[in-house]
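Notes follow the structure.
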Amino acid sequence: MFADKLGIGAPTVSHHMKALIEAGLVTAEKRGLWVYYRLVPETVQAVANELLALAGCSAGGCRG
C-alpha cells in the first residue's frame, strides 16, 4: 500500500491526493474499494515549465 511505503497513514495520503486532484495535477477513478490515481500530463508539464522559468531555465538550458 502506498501509505505504508511513505510511512504515513492512509487518511494523510487521502488528504494530499484530494489536494492534488483539486489542483488539477491528478485524476482519480474509484473502482470498488480502490481508487486509482493518474497524473494529468499537460498540467504537470505546465507546472514544470513554470518552475523552470522561475529558476531562469529555458530550452537552451539554465543560467547560473
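The values are calculated or read from the model by the stated rules, or taken from the named source; none is laboratory data. Because the structure is a prediction, the values reported are computed rather than measured. Reconstructed Cβ throughout: ideal geometry from the backbone, glycine too, with neighbour counts over all protein chains shown. The accessibility values were calculated without ligands, DNA or RNA, using every heavy atom of the protein model including side chains. Shrake-Rupley method; radii C 1.70, N 1.55, O 1.52, S 1.80 Å.
Filter segment 6-43 down to residues that are more than 11 Å from the chain's Cα centre (by Cα), at negative phi and open to solvent by less than 90 Å² (accessible area, probe 1.4 Å), then give me how many there are. Show your work before the answer.
To start, the set of residues in segment 6-43 that are more than 11 Å from the chain's Cα centre (by Cα) comprises 6-15, 28-36, 42.
In the following step, the residues that additionally are at negative phi were identified as 6, 8-15, 28-31, 33-36, 42.
In the following step, the residues that additionally are open to solvent by less than 90 Å² (accessible area, probe 1.4 Å) were identified as 8-10, 12-14, 28-29, 35.
Of the residues in that region, 9 qualify.
Residue pairs whose Cβ atoms lie under 7 Å apart, sitting 6 or more positions apart in sequence or on different chains, and linking a residue in segment 6-23 that is part of a loop (DSSP other than H, G, I, E, B) to a partner that is of a type in the set (A, V, I, L, M, F, W, C), are Gly9/Ala3.
Within segment 24-45, how many residues are part of a loop (DSSP other than H, G, I, E, B) and at pLDDT 95 or above?
Initially, segment 24-45 is screened for residues part of a loop (DSSP other than H, G, I, E, B), giving 24-25, 32-33, 40.
Still in the list and also at pLDDT 95 or above: 24-25, 32, 40.
Residues in segment 24-45 being part of a loop (DSSP other than H, G, I, E, B) and at pLDDT 95 or above: 4 in total.
If I ask for residues that are in a helix (DSSP H, G or I) and open to solvent by less than 100 Å² (accessible area, probe 1.4 Å), which ones from segment 46-64 would you list?
First, the residues of segment 46-64 that are in a helix (DSSP H, G or I): 46-54.
Residues satisfying the conditions are Ala46, Val47, Ala48, Asn49, Leu52, Ala53.
Of all the criteria given as (1) small (Gly, Ala, Ser); (2) open to solvent by 50 Å² or more (accessible area, probe 1.4 Å); (3) in a helix (DSSP H, G or I), the one not satisfied by Ala3 is (2).
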